[in-house]
Structures are given as structure tokens and as C-alpha cells.
Amino acid sequence: MVSKIASCPAVFISAPASGQGKTTITAGLARYHHQQGRRVRVFKTGPDYLDPLILQSASYHPVEQIDLWMMGENYCRKVLYQAACEADLILIEGAMGLFDGDPSSADLAECFGIPIIAVINAKAMAQTFGAITLGLTSFRQRLNFIGVIANGVASQRHQNLIEQSIPENITLLGCFPRKETMELPHRHLGLINPNEIEDFEQRLERLAKEISLTNIGLFPRPVEFSNSIKEPLEAKLSSCKIAVAKDEAFSFIYAENIRLLEILGASIVYFSPLHDKTLPEADVLWFPGGYPELHKEKLQNNSILHQAIFKHYQADKKILAECGGMLYLQKTLTGIEGDTVNMVGLIPGDGHMRRRSGCQGMQTALLPEGNIRAHAHHHSRSENTMEPITYAKRATHTALGEAIYRSKGLTASYLHLFFPSNINATIQLFSS
């Protein structure tokens, strides 16, 4: 293998907790630097599908996930190197709080030597902001902090108190005002898809303008990223045609999963369970996660497509159903308000939406084909299901993970799989 190095300015945007405004600030930075004529490449830490859509709109470039546990250090190194080869700036948005998780956002930043900007929501505090800043930036000495951003600042007086509290050795890059017109709305599972926000572009422009009035947009120092060039993969799925459900109800798809399948030679086509009456000719159907609960009546009414899915299943062809895709293939789905609709009914199971979250976190799918790393994040439960063939293994504790079901050629679970974590198992999962 040959090792290559590329250099590019990079910054890691993190916070002491979720809900501090990381995505808002990262989106604003991406749009601001784009306006300055820079090629910006953005990554989102962890298995997130919604934040990347917002960051993609802000940067005018596809945004991918990056995670040490699910994807591995070598994969992370590869995609950062590729970005450094073509970008003027790399932005990485962290997940949860800086030190949350194992590995954490701090571990990722330290692994690749990326300097950090900490976003701290200053709502309902004044001088305590300085204490939180000191603790966050000094907790691990090996981390390099560019500075901190005070988010949600209510007034000039509030800003003055925050400025007075900052220790001398910490840089306050700016105070971001509390304005509803710059906030990014959210629902269960996370932020709302930008396509559903009527004034989304205007919000991005306001964010970029606000950043231009502070030191938040200061250009970071270059970081060196290396990569080892490996032998190309064989096209072992060259005879496989995969039809992927993709529309307003099903959109939680890793770009790298699609890319890997194509590198392996698979032919990818898309269809809509909401709008299409027929299935494409395909060897495998893949129903990813999404928001079927928001479109459940329309999904129920497309019974003609249900029949086509049954026909594919009865022919012993393969089907992969993840999270929302599994809910769609079960018998019924009940909304938050208690309204129940019929789903495809391919397998036993009654899905129930709930206000609190269900099983979450990193897990390994212990499939007969091999172990594939994955994650779960849902606000629903399934009852009256078939007997699972196995359960996933959680990354950090011993409780059972998500149930994994198999019937004929169908594999279904709440898990979102990351195919590159086990390429051979992925090949077997999709092979006829």
C-alpha cells in the first residue's frame, strides 16, 4: 500500500450537550465560507441522517457521516483525506456532548488532530458560562481549542456578563443572538428536513450574515490527513439489481452504502412506496428508515404496490427492511394519537408510535452472513411480531439489542446497517 498526505484547514464544532446549536452554527459557517468563494466539505459525527441534509444545503455539497466505532479509523481517514484533496475548508459537526459516547467526538478530534470550536447555549445563565467553558476546554489537555461561541444570547447586557466571565486563556469567538428566525425547527428523531422548511434559505443567509459580524468565521490552520491506497474491490454483485425505496417517507440512506453496492457492481434503481404503483424489476428490495408514520394513510392506500411486494416476497427474492422500512412491511401502524392504519402485512407486527424514544445507540447486527455494525434510533415499538432469529449486540453494555427477524428472503429489524463495516457479509446479504 502507498500512503499519501493532503493538507486542508479544518475545524471540529462541538458542545457540552445536545441542543446547544451545533448544527445551526455549522450550517452558518458552511454558508458563510461558501459565500467567500471557498469549497467547503462538511461531515457529521455519528449515525445521523437529518443534520447532513441541512449541512448539504448550506455547503452546496453532499455531507456524509463519520464515526470511529461504526465506520472505523481507516474509513474516517480515507474520507477526510479525499475531502482535503479537493476542499478549501473541512467542517466536522460533533454528536451529543464533546465527551459523550465511547468513542466520543473528542476522540475523533484528537485522533486526527482537528482543532475544536465549542458551542455553548447561554440561555438561563450568565457568569456560569465562564465556568462551563473552563471545564470543557481543560478536561482533556491533548485537545486543541480555537475558542468558544456563546449561543442564544438575549441582550447586550447578557453578552457583557458572558464576556466578563471568560478566562483569559480562552478565546470567545462571538456571541450568537437568540432569534427565532435563525433557528432550525425540529420534530421527533431530530431536525426537520430542509425541504419542509419554507424559509430555509433565508434562515441560512441570516446565519451567514450574523457570522460575518463576529470572529466565528476566522479561518483555521491546515491539518494534514493521510491515506493508504488499497487494492480495488471485485465486482461480486455485478448480476444483482437492487431497488431502493426512496421518497418523503423513506430517506435514511447512507451515501457510502449506495457507493459500496455500486463499486461491488450492483445496479441501483429507486422507487416510491408513496407514489409508484409498480415495482422496478429487481433481485432485491431495500426499504430504509424514514418517516412512514407521517405518511401512513397514503402508504396504506397504495395497495397495488403492496401486492407487488408480496409477489417479490413469495418468489423467495431478498428484501432488507430497516426501522421505518420494517414498520411499513408489518401489519399495522398506529400514530401518536392512536389512529391505526394497515401496512403491507408481509410479516407479523403492529407498530406503535410513542412520544419517548425507543432503543438507541450503536449496535452490531449478528447476522448469519456475518457481523455488520449499525445503529438504532426510533420513537416506536413493535408488538405481536414473529420470533427473532437473533438480537443485536450493543456497543457499550450487555442488555439485548434490537431483535432481528428473517422470513424467507426477508431480513428486518430496527437497525440501520453500515455496509462497509463488513463487505463480505454485505455481499452475502444481497446475493441471490
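When the stretch 1-34 is examined, which residues are found to be surrounded by 18 or more Cβ atoms within 10 Å (Cβ to Cβ) and either part of a strand (DSSP E or B) or acidic (D, E) (or both)?
If the condition is that a residue be surrounded by 18 or more Cβ atoms within 10 Å (Cβ to Cβ) and either part of a strand (DSSP E or B) or acidic (D, E) (or both), then A6, C8, P9, A10, V11, F12, I13, S14 are the ones that fit.
Quick check: is even one residue across the stretch 379-387 within 22 Å of P348 (Cβ to Cβ) and in contact with a helix residue (DSSP H, G or I) (Cβ under 8 Å, 6 or more places away or on another chain)?
yes
Which residue, of S155, S138, is of a type in the set (S, T, Y), under 31 Å from the mean Cα position of the chain (by Cα) and farther than 13 Å from L173 by Cβ?
The unique qualifying residue is S138.
Suppose we filter the stretch 163-203 for residues that are polar (S, T, N, Q) and at pLDDT 65 or above; how many remain?
So the count comes out to 5.
A quick yes/no check of all residues on (1) closer than 19 Å to R203 by Cβ; (2) at pLDDT below 95; (3) of a type in the set (S, T, Y):
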{"residue": "I5", "(1), (2), (3)": "no, yes, no"}
{"residue": "I25", "(1), (2), (3)": "yes, yes, no"}
{"residue": "Y49", "(1), (2), (3)": "no, yes, yes"}
{"residue": "P52", "(1), (2), (3)": "yes, yes, no"}
{"residue": "Q56", "(1), (2), (3)": "yes, yes, no"}
{"residue": "N74", "(1), (2), (3)": "no, yes, no"}
{"residue": "L80", "(1), (2), (3)": "no, no, no"}
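Restricting attention to the stretch 363-372, does a residue exist that is in contact with a Pro (Cβ under 9 Å, 6 or more places away or on another chain) and surrounded by 15 or more Cβ atoms within 10 Å (Cβ to Cβ)?
Looking through the stretch 363-372, none of the residues is in contact with a Pro (Cβ under 9 Å, 6 or more places away or on another chain) and surrounded by 15 or more Cβ atoms within 10 Å (Cβ to Cβ).
Does the stretch 297-306 contain any residue that is assigned by TED's automatic domain parsing to the domain that holds N424, closer than 28 Å to E387 by Cβ, in contact with a strand residue (DSSP E or B) (Cβ under 7 Å, 6 or more places away or on another chain) and not in a strand (DSSP E or B)?
yes
I'd like the full set of residues that are in contact with a His (Cβ under 8 Å, 6 or more places away or on another chain) and crowded, with 16+ Cβ neighbours inside 10 Å, limited to the stretch 347-357.
The one that is in contact with a His (Cβ under 8 Å, 6 or more places away or on another chain) and crowded, with 16+ Cβ neighbours inside 10 Å: M353.
Would you check which residues across the stretch 155-173 are part of a loop (DSSP other than H, G, I, E, B) and out of contact with any strand residue (DSSP E or B) (no Cβ under 7 Å at 6 or more places or on another chain) and list them?
The answer is S155, P167, E168, N169.
For N160, are the conditions met, namely being in the same structural domain as A124 (by TED's automatic domain parsing) and either at pLDDT 95 or above or in contact with a His (Cβ under 9 Å, 6 or more places away or on another chain) (or both)?
In short, yes.
For the stretch 84-111, enumerate the residues that are more than 25 Å from C175 (Cα to Cα) and under 20 Å from the mean Cα position of the chain (by Cα).
If the condition is that a residue be more than 25 Å from C175 (Cα to Cα) and under 20 Å from the mean Cα position of the chain (by Cα), then G101, D102, P103, S104, D107, L108 are the ones that fit.
Among residues belonging to the stretch 318-355 that are of a type in the set (G, A, S) and part of a loop (DSSP other than H, G, I, E, B), point out the one that is nearest to C240 (Cα to Cα).
G345
For the stretch 214-270, list the strands (runs of 3 or more DSSP E) that sit wholly inside it and hold at least 1 residues that are among the acidic types (D, E); which are they?
It comes to 222-229.
Given the conditions (1) touching a Pro at 6+ places or on another chain (Cβ under 8 Å); (2) in a strand (DSSP E or B); (3) aliphatic (A, V, I, L, M), report the number of the one that M386 does not fulfil.
M386 satisfies all of (1) touching a Pro at 6+ places or on another chain (Cβ under 8 Å); (2) in a strand (DSSP E or B); (3) aliphatic (A, V, I, L, M) except (2).
The values are calculated or read from the model by the stated rules, or taken from the named source; none is laboratory data. Everything quoted here is computed from the prediction, not taken from an experiment. Every residue, glycine among them, receives a Cβ derived from its backbone with ideal geometry; neighbour counts consider all protein chains shown.
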